[in-house]
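**Student:** Have a look at this one before I ask anything.
The values are calculated or read from the model by the stated rules, or taken from the named source; none is laboratory data. Just so it is clear, the model here is predicted, and its values are computed rather than measured. Counting neighbours? That spans all protein chains shown, and the Cβs are built from the backbone with ideal geometry, glycine included. Side chains included, ligands, DNA and RNA excluded: accessible areas come from the protein's heavy atoms. Shrake-Rupley method; radii C 1.70, N 1.55, O 1.52, S 1.80 Å.
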Amino acid sequence: MKDFNNLSINGEVYSKLKLRELASKLTKITDWQSPFWLFIAQWFNEKSYIEVHSSGSTGKPKLLQIPKVKMLASAAMTCQFFNLKKGNTALLCLSPKHIGGMMMIVRAMYAELNLIPRPPSANPLNEVNEKIDFIALVPYQVQNILDLNPKKLEAIPNIIIGGGKLDFALQQSLKHHQVAAYSTFGMTETLSHIALQKIGAEENYTCLDGIRIEQSTRGTLIVHAPMLLEEKLETNDLIELVSPRQFKWLGRTDFAIESGGLKFIPEQVERKLEDKIRRRFIISSRPHPKLNNELVLLIEGEQSALDSDLFEGLDKYEYPKQIYFITQFIETANGKIDRIKTRQLI
């Protein structure tokens, strides 16, 4: 059985012994490479698991012990989906502090890919001249690359985008540049993504082979993934179940807003506005003496004029009562908008 003990970095193959030696020297460095070598040290220690903090997608963030064999199973699913082969090049531009970056390293070991590590930055392709076959990005990086180096992104055949919402404008930009990319659905507990949606071509997420889903009585997603999870996992993600392998994501129960006896899912209201607001925004709330809460619209950036028909497509009770312009939204550690802390700004 293959031992997955070698890793090709920038075209040079390193053995387990050499990787452990380098990790022992480089884990204490203070630049962007430190998390990379800390993960390598964990991967080759005597323990059968990797320790990582969850993002809080299924509750309060917690320290997880993820079996290495299950990380390899997850890597196999992704590599098989994209038909990644020995010698293909993968760009690592997400921090290995989090599961997204960790799994890029594991995929490289599993499929014997040539891994090119780069600092996690807004435009990680800026100084990359090698041919890239596979890359994982967050929406913020995608936007910056499209603004500055769209040709480089167009040339990459396998792109996955996760860690945050893909707004309408960014989806349209990807479509305009004919970039073949997939939006991912997953969380730390599921060892990165378990489902993919081809941007501009599909409305639903389709689970990877071996993953089965169902819908709870609350309307939330339940994941069955025996190769990744010890037992079924119920999330806080509201879905429309299409089949045991397909679903449409609607929003999260965590952010539901109670107003005047009605319940609103912010993401559903945002979907109706996304083709009219060309920057980041969220539907939030503020306290109200009679309604308990009232809906408000928060827009990132300087104040500017908005379309007069901005709320035309909303239902009567979905109209935000106030619009706030926020200089900069607060983000979580993995780059998502922190809705709770951003709401506190108003």
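**Student:** From Gly200, Gly251, Gly219, which residue is on the phi > 0 side of the Ramachandran plot and surrounded by 19 or more Cβ atoms within 10 Å (Cβ to Cβ)?
**Tutor:** Going through Gly200, Gly251, Gly219 in turn, the sole match is Gly251.
**Student:** Same structure, new question: How many of the residues in segment 95-122 are part of a helix (DSSP H, G or I) and not small (Gly, Ala, Ser)?
**Tutor:** 9
**Student:** In addition: Can you list residue pairs whose Cβ atoms sit under 9 Å apart, with the first residue in segment 112-130 being open to solvent by 60 Å² or more (accessible area, probe 1.4 Å) and the second being outside any loop (DSSP other than H, G, I, E, B) and hydroxyl-bearing (Ser, Thr, Tyr)? Count only pairs 6 or more apart in sequence or on different chains.
**Tutor:** Listed pairs, sorted by first residue: Glu112/Ser8; Glu130/Thr89.
**Student:** For segment 319-346, which residues satisfy the criterion of being of a type in the set (Ser, Thr, Tyr) and not in a helix (DSSP H, G or I)?
**Tutor:** Scanning segment 319-346 gives Tyr319, Tyr324, Thr327, Thr332.
**Student:** Sticking with this structure for a sec: When you scan segment 173-182, do you find a residue that is of a type outside the set (Ser, Thr, Tyr) and assigned to a strand (DSSP E or B), even just one?
**Tutor:** yes
**Student:** For residues in segment 131-167 being basic (Lys, Arg) and part of a loop (DSSP other than H, G, I, E, B), which is farthest from Ala195 (Cα to Cα)?
**Tutor:** Within segment 131-167, the match that is farthest from Ala195 (Cα to Cα) is Lys131.
**Student:** Hey, another quick one. Considering segment 67-88 alone, what residues qualify as being touching a helix residue (DSSP H, G or I) at 6+ places or on another chain (Cβ under 8 Å) and in contact (Cβ under 8 Å) with a residue 60 or more places away in the chain?
**Tutor:** Once the filter is applied, which keeps residues that are touching a helix residue (DSSP H, G or I) at 6+ places or on another chain (Cβ under 8 Å) and in contact (Cβ under 8 Å) with a residue 60 or more places away in the chain, segment 67-88 yields Met71, Leu72, Ser74, Thr78, Leu84.
Each row is one residue, and each column tells you yes or no for (1) free of Cβ contacts under 8 Å to residues at least 24 places away in the same chain; (2) not hydrophobic (A, V, I, L, M, F, W, C).
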residue: Tyr182; (1), (2): yes, yes
residue: Leu191; (1), (2): no, no
residue: Ala195; (1), (2): no, no
residue: Ala201; (1), (2): yes, no
residue: Asn204; (1), (2): no, yes
residue: Pro244; (1), (2): no, yes
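**Student:** Restricting to segment 89-110, count the residues that are touching a Cys at 6+ places or on another chain (Cβ under 9 Å) and either more than 21 Å from His193 (Cα to Cα) or open to solvent by 10 Å² or more (accessible area, probe 1.4 Å) (or both).
**Tutor:** Summing the residues that are touching a Cys at 6+ places or on another chain (Cβ under 9 Å) and either more than 21 Å from His193 (Cα to Cα) or open to solvent by 10 Å² or more (accessible area, probe 1.4 Å) (or both) in segment 89-110 gives 1.
**Student:** Exactly one condition in (1) over 16 Å from Gly200 (Cβ atoms); (2) in contact with an Asp or Glu (Cβ under 8 Å, 6 or more places away or on another chain); (3) of a type in the set (Phe, Trp, Tyr) is not met by Phe168; state its number.
**Tutor:** Condition not satisfied by Phe168: (1).
**Student:** Could you list all residues from segment 138-171 that are of a type in the set (A, V, I, L, M, F, W, C) and open to solvent by 40 Å² or more (accessible area, probe 1.4 Å)?
**Tutor:** Within segment 138-171, Leu148, Ala155, Phe168 qualify.
**Student:** Hey, among Asp338, Asp275, which residue is of a type outside the set (Gly, Ala, Ser), without any contact (Cβ under 8 Å) to a residue 12 or more places away in the chain and open to solvent by less than 90 Å² (accessible area, probe 1.4 Å)?
**Tutor:** Answer to the check: Asp338.
**Student:** Go through the residues of segment 298-313 one by one and say whether even a single one is in contact with an Asp or Glu (Cβ under 7 Å, 6 or more places away or on another chain), at pLDDT 95 or above and either open to solvent by 50 Å² or more (accessible area, probe 1.4 Å) or not in a loop (DSSP other than H, G, I, E, B) (or both).
**Tutor:** No, segment 298-313 has no match at all.
**Student:** Now for a different question. For segment 78-91, indicate whether the set of residues that are under 17 Å from Asn6 (Cα atoms), at pLDDT 95 or above and among the hydroxyl-bearing types (Ser, Thr, Tyr) is non-empty.
**Tutor:** Checked against the condition, which is being under 17 Å from Asn6 (Cα atoms), at pLDDT 95 or above and among the hydroxyl-bearing types (Ser, Thr, Tyr), segment 78-91 yields at least one hit.
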